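Have a look at the structure below, then the notes.
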Amino acid sequence: MTSEVHNGGVATMNLPEPIATACAPLFDVLPLDEAMPHLTGSHPQHTALVENILSDPALAARPDLTAALWLYADDLDRSHTLSQSLENPTGAYWHGIMHRREGDFSNSHYWMRRCSEHPLRRARPDLDADTFIDEVAASRGQEIPALLAKQREEWQALFVWCAENP
């Protein structure tokens, strides 16, 4: 059973009920349209709340979702630790996003090559991770609204994919 999560006026996320329930406190406090407000850099927020929701059984054994939630809360170090430990295309995808967010663009490209066959990348070629890395690099620290929106769309697409594909 899935549950719709209305998140800050952006597209609804259809998440499995236990995951939607576990994440609701974070999404209520930090809607997606306010999360990840910087293209690069780590600016952790709501870390105590994230730590709390990660104790929920729906998330406790899900390092892929945990890495994602740390990205959502802008804690790149914690996200990196988890994504680096996932030796699969999903881990590589989160790892690549994390390196883009920290401004390590060549390393981000490396990890995106490692997840080139990820089902989401095949299903959503419009997300085009490599072009996006280059666009963020070219922004030179400017918080360009269209790129921030794409960053949030990418996060949401991969988070939902992970939630639906344990």
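Just so it is clear, none of the values below were taken in a lab; they were calculated from the coordinates. Predicted model only: the values in this text are computed from it and were never measured. Because the Cβ atoms are built from the backbone with ideal geometry, glycine has one as well, and the counts that use them run over all protein chains shown.
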(request) If a/c stays under 1.5 just call it rounded; otherwise compare a/b with b/c (prolate if a/b is bigger, oblate if not). Do that for the range 59-107, with a ≥ b ≥ c from the square roots of the Cα gyration tensor eigenvalues. (result) oblate
(message) Multiplying the sequence separation of Ala137 and Gln84 by 0.36 nm and subtracting their Cα-Cα distance, what value in nm do you get?
(response) 16.9 nm
(message) For mean projected area of the Cα convex hull in nm², pick the label among (i) 11.9; (ii) 8.4; (iii) 11.3 that corresponds to the value derived from the coordinates.
(response) (ii)
(request) Compute the acute angle (0 to 90°) between the alpha-carbon long axis of helix 17-29 and the principal axis of greatest extent of the alpha-carbon atoms of the chain; round to the nearest 10°. (result) 70 degrees
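Scan the range 96-166 for GluC sites (Glu not before Pro) in coil per DSSP, keeping those whose Cβ has at most 15 other Cβ atoms within 10 Å, and list them by number.
Glu117, Glu143
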(request) May I ask for the angle, rounded to the nearest 10°, between helix 76-85 and the longest principal axis of the chain, with both axes built from Cα atoms and the value confined to 0 to 90°? (result) 90 degrees
